[in-house]
Each structure stands twice: as structure tokens, then as C-alpha cells.
Amino acid sequence: MDRIHASATVAPGAIVAEGARIGPGCRIGPYCTVGPEVVLEEGVELVSHVVIEGATRIGAGARVLPFASIGTPPQDVKYRGEPTGCEIGARTLVREGATIHRASVGGSGATRVGAGCMIMAMAHVAHDCQLGDGVILANNVMLGGHVHVGDRAFIGGGAAVHQTVRIGRLAMVSGLAGVTNDIPPFGYVFGLPARLVGFNRIGLLRSGCGREQLRTVRAAHALLFKEPGEFAARLEAAEARFGQDPLVAEILAFIRDPARRRQLVRPGRMAAPELGPGDDENGEGG
């Protein structure tokens, strides 16, 4: 890649450091600052007043709106300027004032945001976070360091997620929730502290899950998280009865992952006044 491709445009007032690589069709708006290790792939747009630092690569077609900053140093007292990175996937949208920090020295080496994500205004993605494809963080979401978020998960406005928490694929976190423990795939959590109040039925349907498979997931979810008795026994029962279903198998694998550092969020109930149209008593309208 040329340092600045001939088809790229750089507005007056923007600063592109020597060494940065700017791909074809990129547009860098006024008063943006692009550091010397930054790579912008084809068609990236920095609208204005954007700061991109560190060894940061932004994928093709991504768009970053004013006052966002990407690849700035981690908020980690142990960090001493070691070489770490940040990666933003193709077609991801980063809205106004969002912050995405590069990795610390104790992680995987790079903070990663997948393709097709939306990071809304003032959201914060801390060092070493790993976000899958299609993730949506609503306004003012706060992710602590080393948080893992699965593909197409949705985290509602103002939610706070404790460091090292894992959030499974297609999980849904309500606005203003306080998440301190892991959320299984397709889980729907609510409250402060967050409680598992159902599963993301609507998200599963939109992803192509059939009605029969949805009933299987519902039954497995009820067995795992609503039935009485020792959880280990319920886990074995769920595997025996429903383990051949790929979605249930995904939930079981998430729970059994030896790398997990936290307990699962606890089951709970959503108060009736909080239910929206189409929700049942378990809050499964997500």
C-alpha cells in the first residue's frame, strides 16, 4: 500500500504522520490526527476531529465520526508504552466521542472490534477487549478490560461490563445493566446487578432459527437456569436431552469453557411493569 494512495483525500487541517498508510478511496476530514503506525484500508472515512494512534488498522469501508479516538494508550497503570495494537473490522461504524484503546501488556496483543459493528456515541471499549462481528454497543456503554463479546450481541445504553466478562453470541444486555458475570449465548440480562431473565428469542428468529429449534432452546434454557437442584446435575441433564442441538451445544460449551474466569449471571425475573409489547413473563421478547 502506498503511504497515501492517490485516490485518498486529506482535508486541510488534518495531520497524517509520516509512516501512516492510507488506502485507496479513504477520506480524512478536517482536524483529524493519524499516527505513524496507522493503516487505513480502502474506503475508510474519518469525518472530522478524529484521533487514530498506535499500531491501529481500520478495515475497509469503516466510518469514524467526530471526536472518536481509536488506538490510544490503555488505562492500565502497568502500561509503559510497550508495542500493542488495535484492529477495527471492515464496515464498522464508530460514532461520536467513542473511545477504543489499544491493548495492554497482559493480553493478546491487540484490542479487536469485528466487522459490521456499531459503536454508538460515547461508548468505551477498553484495552484487550475482543468483539465479534455485528456487535452493537449503544450510547455510553462501558466495557472494562479483557471483555469478550460474541457475534451479534447487543448491549443497551449505559450498561457497564466488568473486566474479563464474556458475553456470548447473540446475547442481549438491557440498558443501564451492571454486568459482573458471564452471559451465556442467547441470554437476555436485565438490572443492576444484571440477572438472566430470559433468552434473546427475537434475535434467534432474526438469525434464522426455526420455531422447532427455538422450542428446544427454550426447554434447555428452562432446565439449565430455572429448574431447582444442583447446577452440575442440570448441566448433565441438558446435555443428555438437548446436546445434539447445535445452539444448545454452543451454550453448554460456553459454560464448560475452562478459560472462563467468572461465574454465570444469576437467574432472576423482570418486574412486570418493565415488560415491553410482545414480551412474556420471562422477558423473552428481546
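The values are calculated or read from the model by the stated rules, or taken from the named source; none is laboratory data. Every value quoted in this text rests on a predicted model; they were computed, and no experiment measured them. Here the Cβ positions follow ideal geometry from the backbone for every residue, glycine too, while neighbour counts run over all protein chains shown.
How many of the residues in the stretch 45-69 are acidic (Asp, Glu) and free of Cβ contacts under 8 Å to residues at least 24 places away in the same chain? Residues meeting the conditions: 1.
Listed by first and then second residue, the pairs with beta-carbon distance under 8 Å, at least 6 apart or on different chains, first residue in the stretch 12-39 and at pLDDT 95 or above, second surrounded by 17 or more Cβ atoms within 10 Å (Cβ to Cβ) and of a type in the set (Lys, Arg), are Val38/Arg21; Val38/Arg57; Val39/Arg21; Val39/Arg57.
Against the condition outside the structural domain of Gly114 (by TED's automatic domain parsing), without any contact (Cβ under 8 Å) to a residue 60 or more places away in the chain and of a type in the set (Lys, Arg), how does Arg215 come out, does it pass? Here the answer is yes, as Arg215 does meet what is asked. Taking Thr9 as the residue in question, decide whether it is polar (S, T, N, Q), modelled with pLDDT of 95 or more and over 17 Å from Arg95 (Cα atoms). Taking the combined requirement at face value, the residue satisfies it. Scanning the stretch 86-112 for residues that are of a type in the set (Val, Ile, Thr), surrounded by fewer than 22 Cβ atoms within 10 Å (Cβ to Cβ) and at pLDDT 95 or above returns a single hit, Thr99. Between Gly178, Gly191, the distinction of being of a type outside the set (S, T, N, Q), modelled with pLDDT of 95 or more and under 29 Å from Ser104 (Cα atoms) belongs to Gly178 only.
Annotation: of all residues in the stretch 126-139 being under 14 Å from Val94 (Cβ atoms) and assigned to a loop (DSSP other than H, G, I, E, B), the one that is nearest to the chain's Cα centre (by Cα) is Val135. Within this structure, Ala121 fails the test of being modelled with pLDDT of 95 or more and outside any loop (DSSP other than H, G, I, E, B).
I need a count of the residues in the stretch 225-264 that are among the aliphatic types (A, V, I, L, M), under 23 Å from His148 (Cβ atoms) and more than 25 Å from the chain's Cα centre (by Cα).
Step one: list which residues in the stretch 225-264 are among the aliphatic types (A, V, I, L, M), which gives 232-233, 235, 237-238, 240, 247-249, 251-253, 255, 259, 264.
Subset that is under 23 Å from His148 (Cβ atoms): 235, 238, 247-249, 251-253, 255, 259, 264.
After this cut, where a residue has to be more than 25 Å from the chain's Cα centre (by Cα) as well, the list is 235, 238.
Final tally of qualifying residues: 2.
No other residue among Gly229, Gly208, Gly243, Gly198 is free of Cβ contacts under 8 Å to residues at least 12 places away in the same chain, more than 30 Å from Gln75 (Cα to Cα) and either touching a helix residue (DSSP H, G or I) at 6+ places or on another chain (Cβ under 8 Å) or in the same structural domain as Gly97 (by TED's automatic domain parsing) (or both) apart from Gly243.
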